[in-house]
Structure formats: structure tokens, C-alpha cells
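The values are calculated or read from the model by the stated rules, or taken from the named source; none is laboratory data. These numbers come from a predicted model, not from an experiment. Cβ placement follows ideal geometry from the backbone for every residue including glycine, while neighbour counts extend to all protein chains displayed. These accessible areas exclude ligands, DNA and RNA; they are computed on the full protein's heavy atoms, side chains included. Shrake-Rupley method; radii C 1.70, N 1.55, O 1.52, S 1.80 Å.
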Amino acid sequence: MKKADTSDAIIRFLASAVAYFLCLIAFYIDIGQDMGAKYFMPILLPVVTALFAAQFAADVNIFSRENLPNLVCALLWCSAFPLIYTWTYQTAWFMSLVSYDFIIGTCFLLFLFSSENIAMRLMNIKVAAALMTVFNFLLIIIPFVQYAYYVMVWHALSPASLMALYMTNWRESIDFLESNVGWWLLPVFAGLCALSFLAWRAHCRFGEKIRGKAWGEKFPVDLRGAVLAAICVLSVYIGVFCYIPECSVAGLWKDVTDYARETAEYGAHHDARFASLEVDAANAMPALSDKPVTVIMVIGESASRDYMKAFTPECPYDNTPWLTKNAGGNRDFLLFSNAYSSWSQTVPALQRALTEQSQYNGKDFLDSVSILDAAKKAGFTTHWYSNQGRYGQYDSVITLVAKTADYAEWTDDSYTFTDKYDIVLKNYLQNVDPTKNNFVVLHLIGSHIYYYNRYPYDFARWKTEDGSGSGTSAPSYANSILYTDYVLSQIFEYARDNLNLTAMVYFSDHGENLSISHNPDVFSFDMVRIPMFMYLSPAYRRLMPDEAYMLRISRDTYFTNDMMYDTICGMIGAKGNRYDSRQDLSSADYAFNREKLTTMLGQRRLIDDPKAK
């Protein structure tokens, strides 16, 4: 290279390095971030030096058309979290963490740029181009997921959404994609394939461009090659091992994995917690009754009382005929008109509904006993039968509780999301011995999306205007509620006729918004307005007259389902050292009203619900 050419190259490559740095700083300022001088000024010289050295050694500009795939990967990493966080919350993110995203993206640019220069000189151009395209694809996965999630729900990824991803199985993930992306999934896939091909072509041009640039006779000892190799190794070490574990997305993921690991300890310490539980069994239902009693608790899925005729008379679908009939003409049935979920997703909501932990008592899940524990101490044989998936990462919290039952079975004991209809749970009631005192939990798949997967064809009473019965339409949702009403009737009738049914409780884990499902990142109150009813037989009212009376006069009382543990304990007489009467709807000590209650784990007050009267 001639001296004049060398000087020109130095100016061009230095200008490119400085422009890269300043343009990203300007971008961060433009989206509302502070300049963050104390975080960015110390890295100015190292970043500019590394970018300049890589370009000078390769004799290729980072802004060249051939390097575009690598530059795009870097910019996606630099921009994704800061930009989406700002769009979502309209506020600035921590500049220290923004600088981490900048460093990671820049390290990826240096790695891709340097490794491509080396690979193109050592390998077949087309093979090297394919390898670089794979690197590009792998490195954009995380920022692509962030942008794609934002486009679907107009919200940044949060611990709640990552928790749902972490705890789910492949079948439920497919349902989520189908419901949120739908037919767009095919063009998105086709677009990714097209972009991958264009990236491959760009890499091929990259190889053709640098093949004409001589490095000297012996590449292994060539100074340019040594510089690029050193930059490649250092960029991987700094970006992957030093900064990725500390970046914003990794922090969110760590919160989720730490939570999952901690909850996995629940089963390990169950015996000690159970031993510490003291219940006045002499005043519990089994001891008070001269014949066996059975209590059934049915947990619904994604049922919102807003779309149920029995709870909302103005609902255009007559989808609760059995419940409506009994609520109107049978004094044994109690409908609770102001029940709410504590969270809009299954695991956090049931984690609290099934155990002592609630929004109001500050108790830790790992130190909490469950409804099943209390029922056992009260003298019941406990059963858990579920039509939901058994497995999640480390097992879900729900499964950890369920496995403590005397008998626990899942309709589909695999790693997939069930495709069986809820009526299958009726068969499991044949396992219940009517000569014993039984506490039975039935976990429905209910109205989980896709709604039209939750009922047989005979229950497709309502259809969309085009007759297709879309999986996320109001008619399909109404059909799923209609089928749940039928399933509840069959459970009730079998248990009444065969199992000495004394009491039955139904509530949903959370509600549903028919446009956006129940994503907490885009919260609306219909996601937490849940149905709840109780059947209290004449035998129950004789055994537990005070509790029956309080429940009857509390039908319009405001209640959140994280207090279900104490309410069930009160109902069945399992009162002891881990029971709080203030959270028991069947107790005169119940201490909550609309003004005191919250949902979304304290983030939302019920008085802010426009439908709360």
C-alpha cells in the first residue's frame, strides 16, 4: 500500500470508527436516554481503537455493503432493549445497562468482522459465507425475539412474560404463536429465509472482495492476521463472558431461573413444613360427620365472568345453562359476583391460591403449606386430577403442590400440552373411595387458547360470521364456557350420586381478554375478573352452620383468589396455626373490602376497576 493510500485508509477507517460510536450515542440520546458520559467516555478510546484496527488490518470498511449483515446484528443488539423499554414505559433505562448492550453489540460486530476476514482467506468462499450466515442468525435470535414480542403485544419483555416462556411446553408455545401471529407466521418464516439468503450473498461478495487483497506469503505469521485473530478472541471473551451475563435481558432471565430454582426446593422441605402444621382436627368436617364426606375443588382456566351468562346477564351468549338454573332456583348454590384473580397468569395465581402465600401476608412460598396439607391434617384423603400439562422447567409450582396429594394423576402424563377434553376428569372420580373422607382437586384446561380446541364439535353452538369458528373469537370462547358448564354439571352429578358430595367449589385461575388473552404486560381488568361459585349441601349446612351462613351473606363481597387457602381451611374446619381468619370468606373476621383489595400482586387496586361498584 502506498504512503498516500495508507494515509487515506487511516482517515477513512478512523472516521468510520468514530462515526459508529457517535451515531449510537446520538441514537440513545434521541430515544430519551441520558448521554451517560461516565459510562461511555471510558470506552470511547478502546472501542474506536478496536474498530479502527480491525478495519485497517482487513482493509475493509465496517460500513461497506458486504459487511451489512454483521453490522445489522450489532445494531440490533445495541438498540433492542433500550429502544423497546423506552417505547413501552416512556422513561429512560439505566445508562450503565445501556452501555452493556452497546459493548455487546460492538463486540459481536468485531467478532463477525474479524472472523469473516480470517474464514474467507482460509476456506471456500461459499462455505465460509454459509458459516457466517449461521453466526448472524444465532446472534440475532435474542434481539429478534424482543422486537417480535413488542410487535405482537406492544410491550417489552418482562419477568412475567419470560416466566411464562420458561414454564411452558412446546404445545402451549405453538398455541401462543398461532393466536398472536396466526397466518403471518408463514410470511415471517419466508422473510427470514429470504434475509438469510441475502446475507449469504453479501458474505460471498465480502469474500470475493478481500481475496484480492494480499496479506503476504505466510498468513500464520502475518501481522494483519494476528491482529484480526486477537480482536476476534478478545471480542468473544469481553462480549460473551464479561458483559452478556450482566446485560438487561440476562438480568430478567436470571430473575426467572432463580425463581424456578427456589420453587423447586418446595418439595424438598415439604415434610418439615407439614410437620409444623397444627390443625384442630376434632372440629373439622370429617370428625363432625357421622358418615364420609367429600369436598371437591374445581380450578378453571382462563374463565372470565364477563363472558358468562350466570354472572353477567347482559352477556349475549346463553353459555351457562346448568349454573344459571341452579343459581336461580337452588339455595345450595352460591355465586360470588366480585371474585378476582391475584394475577393474570396461571402459575403465579395458583401458587397463591393453593398455599398460605397471598398478596397481603408477606409469606414466602417456600415456607407455606398448601390446601392439600391442611386437608390431610383435617382427616381427608387428598386427590389431585389434572387435565393440564404436568411438566415444566423444574416442574411448575402447581405440580409441586399437586404431587403432595395422596393420589395425583394427569390425563396426559407427558411433556406435551393436553388435547383431551375436560370431561375425561370425570373418569378419575371413579378412583375416589366413597367410604373415605375425600378432598378432591380437579384442574381443568377450560378456556385456554385456542378456544376451539377445548370443546367437541357438538358444543360448537356459536360460530363467527364466516362460519369458521376462529380459535380466539368470542363465539369460540362462549362455546368453551358452555362446555365447561356441562363438565361441571357432570362432575357435580356424579359426585352427588356416588361420592357423598358435601361441598363443591369452582373458581378460575384468572380471566381473559378476548383480544389479547391474559398477558400481564398489556393488562386489563377482564383478565382478573373470575367466576366463583360454591355448592353447600344440606349436610354441609348442618355440619358447618356458621361458615355456611357467612358464605351466603358474602356473595357480593369483594375477594381475590389468593385467599382461597384460608377460605377452604375455614370451610372444611382445618383451622390451626397456619390459618388466618381475616382472609377467610367463611369467617366473620374477614377483613377485606374493595378499597383494601389489590390484584396483579399489589400493582393494581380493585377500586380502579371501572366495573367495580
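Note on the stretch 36-78: along the principal axes its Cα atoms extend 34, 24, 9 Å, ordered by decreasing extent. Only protein atoms count toward the accessible area here, which uses a 1.4 Å probe; on the chain, the carbon and sulfur part of that area reaches 59 percent. Under a 5 Å amide H cut-off, with hydrogens placed 1.01 Å from N, Lys309 pairs with Asn319, Thr320 among residues at least 5 apart or on other chains. Annotation: amide H of Thr560 within the under-5 Å range of Tyr340, sequence separation 5 or more or interchain, hydrogens built in the peptide plane. The string of couplings for the stretch 502-513 from the Karplus curve (6.51, -1.76, 1.60, θ = phi - 60°) is 9, 8, 9, 10, 10, 8, 9, 5, 7, x, 7, 9 Hz, one whole number per residue in order, with x for Gly and Pro. In terms of packing, defined here as the mean over residues of other Cβ atoms within 10 angstrom, the peptides 90-97, 151-158, 363-370 line up highest first as 363-370, 151-158, 90-97.
Relative to the longest principal axis of the Cα atoms of the chain, helix 474-498 runs at roughly 40 degrees. Based on the Cα atoms of the stretch 416-569, what semi-axes does the equivalent ellipsoid have, where each is the square root of 5 times one gyration tensor eigenvalue, given in whole Å with the largest first? Equivalent ellipsoid of the stretch 416-569: 30, 21, 13 Å, largest first.
Near Thr599, the amide H atoms lying under 5 Å from its own belong to Arg604, Arg605, Leu606; only residues 5 or more places off or on other chains count, and H is placed 1.01 Å from N. In this calculation the C-beta distance from Met41 to Ser7 is compared with R0 = 41 Å, giving a FRET efficiency of 0.90.
Rounded to the nearest Hz, the phi-derived 3J(HN,Hα) couplings of the stretch 541-557 under the Karplus curve 6.51 cos²θ - 1.76 cosθ + 1.60 (θ = phi - 60°) are 5, 6, 6, 10, x, 5, 5, 4, 5, 5, 5, 5, 7, 9, 5, 9, 6, where x marks glycine and proline. Size descriptors for the stretch 265-375 (Cα atoms only): Rg and Dmax, in that order, 18.1, 51 Å.
In the full protein context, the chain carries 42 Å² of accessible surface per residue, based on a 1.4 Å probe and ignoring ligands, DNA and RNA. Summarising the label geometry, the points placed 7 Å from Cα in the beta-carbon direction at Ala26 and Asp433 lie 7.9 nm from one another. Packing, as the average of other Cβ atoms within 10 Å across residues, places the peptides 271-277, 138-144 in the order 138-144, 271-277, highest first. Mean sequence separation of contacting Cα pairs (under 8 Å, at least six apart), scaled by the length of the stretch 319-401, corresponds to a relative contact order of 20 percent.
Rounded to the nearest 10 degrees, the angle from helix 125-153 to the longest Cα principal axis of the chain is 40 degrees.
Just to verify a number: FRET efficiency for Glu278 and Leu601, C-beta to C-beta distance, R0 = 35 Å, to 0.05? Calculated value: 0.75. Binning all Cα-Cα separations of the chain at 20 Å, short to long from zero, yields these whole-percent fractions: 18, 42, 25, 13, 2, 0.
Residue by residue, the stretch 432-448 carries 3J(HN,Hα) couplings of 7, 7, x, 8, 10, 7, 10, 10, 10, 10, 10, 10, 7, 8, x, 10, 5 Hz when phi is fed to the Karplus relation 6.51 cos²θ - 1.76 cosθ + 1.60 (θ = phi - 60°); x denotes Gly or Pro. Any chance you could give the angle, 0 to 90 degrees and rounded to 10, that helix 68-89 forms with the longest Cα principal axis of the chain? Once rounded, the angle reads 40 degrees. About its Cα centre, the stretch 1-105 has a charge dipole of approximately 160 debye under the convention of +1 per Lys or Arg Cβ and -1 per Asp or Glu Cβ, with nothing else charged.
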